[in-house]
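Beneath this line is the structure, given in structure tokens, with notes to follow.
The values are calculated or read from the model by the stated rules, or taken from the named source; none is laboratory data. Computed from a predicted structure; not experimentally measured. Neighbour counts are summed over all protein chains in view; Cβ atoms, including those assigned to glycine, are modelled from backbone coordinates with ideal geometry. Just so you know, the surface numbers come from the protein's heavy atoms only, side chains and all, with ligands and any DNA or RNA stripped out. Shrake-Rupley method; radii C 1.70, N 1.55, O 1.52, S 1.80 Å.
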Amino acid sequence: MNAEDWKKIQRMMSKRSLWMVHFCTGCGAVEMPPVMTSRYDMERFGMGPMATPRQADILLITGYLAVKTLKRVVRVYEQMQDPKYVIAFGSCTMNGGMYWDSYNTVKRVDKYIPVDLYIAGCMPRPEAIMDAFLKLMKMIEEGKADGWKRYKEHYEEYRRNQMRVFRRWDE
Amino acid sequence: MMDLIIDIALNALYVLLAVAYGLLLLGIARKINARVHNRVGPPVYQNFIDVGKLLAKKTNIRHNWIFDLAPLFGLAGALLTLLYIPMGGYRLLSGDGDLILLLYIMVIPSLGMALGSGASANPNAGVGVMRALTLMLAYEMPFLLTLLSLMIFYNTTSLSVLLCKQQGFRWAIFVLPLSALAADMALQGMMMKKPFDIPIAPHEIGSGPMVEFGGKYLGMLMLFGAAFAVVETSLFVDLFLGGGVILNPSQYGIIAYMVNYFVWMLLVLVVWVIAVFINAVFPRFRIEQAFKFYWKWPTVIAALGLAQAYVMSVILGVVP
């Protein structure tokens, strides 16, 4: 057994036991209950909602982020333990969506924290969310979901982008 | 020397099996919960994957050394308690008066966890610990009365003697049904299943004492939880269901140990599944409601059981 084999085993277990913390300050919180309850039941794949970022593996960002909430998202993301994954949900997280000309909405989440997977749509249906979860599991198995490594490598750039939005870090 | 090595290996095997069985019990609980909710639910081995994943995670939480040692403290306390619990009649450590000793060492792991989560200085953890200690105060009342009735009826404080006297299906649950009922009610709170999952309420206080634990720490706490699920259910099985001892080891030897272990597993599963079904259909009490409930109904039932044990044992002179 070499290091690569151990990593493969770890990815296998990681994939089958994804706990998530969802950041539902935008819209889209309503799409989650069907995914969790008896209609689609994501616990089949060992996924479940978790109460705190310390315990979670996935950060699910649903809908738009205001400039004020972005700081909370970054804090939540940095509290999570590696390996961690981010799913951005809805078209607002990609290009601003219907808030494309708003003065205090973050247009692209990828500039501030590394996003592993986007779900398109306004709003995406529960089927799309399930599909995204399955795709993320596949990506983890292949080792392609490496957002947490990218965040470490390019930390300076991410921090520079973040500080362009925040006036102060500590307020 | 050889005997000592065999003894140590056997003890390690028993503890390992118990923890693995505890993880399986947690998986069964999740499956049953899901089926009650009309869901498919995770596979029963899901908790093994969870523990593996958590122990493989990188962990960079820094508070202080008490916080770092707390999961270890909890796990070590749970393993120590396992050593004192007879599993299928086989017991690893024993002594006179170990029923009283058990009551004390059962608190060690919970206190360790309380210490660690208190050291993290998270307000949610503080609220959770406060609720856990209050709940402990609540369920200990009927539980101690129950133990007292057992001690009076069987005239012993030793678990081995208790098991010995219950052999041949002369189980305490048939003789002292009221005490068994009160103990099962107390067990629900001891295992923090609904309606008494007040300390770890995930939607209210962010999973309470566990709020700051993540990664490897949470993995260790999960193992601790698995071990403790076995400890608590097994305590009930040993006290009231004869500990699964149906064959006398001195007569049948190693076959008796294997059969007894199997029966013990079965009885633990039955006690656990009853608690899980109650857990699946109830909402959550508030802490003062739980306290009032415990000091009212289970305490009354336990007191009646104590009176029954006293009358049968001292006045009528029934000797088991």
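Would you check which residues across region A:132-171 are touching a Pro at 6+ places or on another chain (Cβ under 9 Å) and open to solvent by 30 Å² or more (accessible area, probe 1.4 Å) and list them? Of everything in region A:132-171, those that are touching a Pro at 6+ places or on another chain (Cβ under 9 Å) and open to solvent by 30 Å² or more (accessible area, probe 1.4 Å) turn out to be A:Asp146, A:Trp148, A:Lys149, A:Arg150, A:His154. Within region A:1-23, residues that are assigned to a strand (DSSP E or B) reach partners that are at pLDDT below 85 and open to solvent by 20 Å² or more (accessible area, probe 1.4 Å) with beta carbons closer than 8 Å, at six or more positions or on different chains, in the pairs A:Val21/A:Ala51; A:His22/A:Ala29. For the residues A:Gly97, A:Gly90, A:Gly121, A:Gly147, the requirement of being of a type in the set (Gly, Ala, Ser) and farther than 24 Å from A:Val30 by Cβ singles out A:Gly147.
Exactly one residue among B:Leu133, B:Leu181, B:Leu162 is more than 14 Å from chain A (Cβ to nearest Cβ) and either touching a strand residue (DSSP E or B) at 6+ places or on another chain (Cβ under 8 Å) or free of Cβ contacts under 8 Å to residues at least 40 places away in the same chain (or both), and that residue is B:Leu133. Residues in region B:231-254 that are touching a Gly at 6+ places or on another chain (Cβ under 8 Å), under 19 Å from B:Phe143 (Cβ atoms) and among the hydrophobic types (A, V, I, L, M, F, W, C): B:Val237 only. All but one of (1) modelled with pLDDT of 85 or more; (2) hydrophobic (A, V, I, L, M, F, W, C); (3) crowded, with 19+ Cβ neighbours inside 10 Å; (4) assigned to a helix (DSSP H, G or I) hold for B:Phe285; state the number of the condition that does not hold. Just one mismatch for B:Phe285, condition (4).
Results for (1) among the hydrophobic types (A, V, I, L, M, F, W, C); (2) closer than 14 Å to B:Leu148 by Cα, shown as yes or no for each residue.
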position	(1), (2)
B:Val268	yes, no
B:Val271	yes, no
B:Ile278	yes, no
B:Pro283	no, no
B:Thr299	no, yes
B:Gln308	no, yes
B:Ser313	no, yes
B:Gly317	no, no
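Looking at region A:70-98, I want the residues that are of a type in the set (Lys, Arg) and have a partner that is at pLDDT below 90 and in a helix (DSSP H, G or I) with Cβ atoms under 7 Å, at least 6 apart or on another chain. Which pairs are those? If the second residue must be at pLDDT below 90 and in a helix (DSSP H, G or I), the pairs left are A:Lys84/A:Trp148.
In summary, A:Ala56 fulfils each of the numbered conditions (1) open to solvent by 20 Å² or more (accessible area, probe 1.4 Å); (2) out of contact with any Ser or Thr (no Cβ under 7 Å at 6 or more places or on another chain); (3) closer than 19 Å to B:His203 by Cα with the single exception of condition (1).
Within region A:110-131, one or more residues are β-branched (Val, Ile, Thr) and either part of a loop (DSSP other than H, G, I, E, B) or touching a Cys at 6+ places or on another chain (Cβ under 9 Å) (or both). Looking at A:Pro114, is it touching an Asp or Glu at 6+ places or on another chain (Cβ under 9 Å), touching a residue at least 24 places away in the same chain (Cβ under 8 Å) and either of a type outside the set (Lys, Arg) or open to solvent by 10 Å² or more (accessible area, probe 1.4 Å) (or both)? Against the criterion (touching an Asp or Glu at 6+ places or on another chain (Cβ under 9 Å), touching a residue at least 24 places away in the same chain (Cβ under 8 Å) and either of a type outside the set (Lys, Arg) or open to solvent by 10 Å² or more (accessible area, probe 1.4 Å) (or both)), A:Pro114 qualifies. Annotation note: Cβ proximity below 8 Å between a residue of region B:203-214 that is more than 8 Å from chain A (Cβ to nearest Cβ) and a residue that is open to solvent by 10 Å² or more (accessible area, probe 1.4 Å) and polar (S, T, N, Q) (sequence gap 6+ or interchain) occurs for B:Ile205/B:Asn124; B:Gly208/B:Asn124.
Inside region B:27-37, residues that are open to solvent by 60 Å² or more (accessible area, probe 1.4 Å), facing chain A (nearest Cβ under 9 Å) and modelled with pLDDT of 90 or more make up a count of 0. A single member of B:Ser149, B:Ser160 is open to solvent by 30 Å² or more (accessible area, probe 1.4 Å) and of a type in the set (S, T, N, Q), and it is B:Ser160. Of all residues in region A:78-111, those being crowded, with 22+ Cβ neighbours inside 10 Å, out of contact with any Phe, Trp or Tyr (no Cβ under 6 Å at 6 or more places or on another chain) and within 25 Å of B:Thr59 (Cβ to Cβ) number 5. The single condition among (1) of a type in the set (A, V, I, L, M); (2) farther than 23 Å from B:Leu241 by Cβ; (3) at pLDDT below 85; (4) open to solvent by 40 Å² or more (accessible area, probe 1.4 Å) that B:Leu13 does not meet is (3).
Applying the selection to region B:40-69, what residues are open to solvent by less than 30 Å² (accessible area, probe 1.4 Å) and assigned to a loop (DSSP other than H, G, I, E, B)?
Passing the criteria: B:Gly41, B:Pro42, B:Pro43, B:Lys57, B:Ile61.
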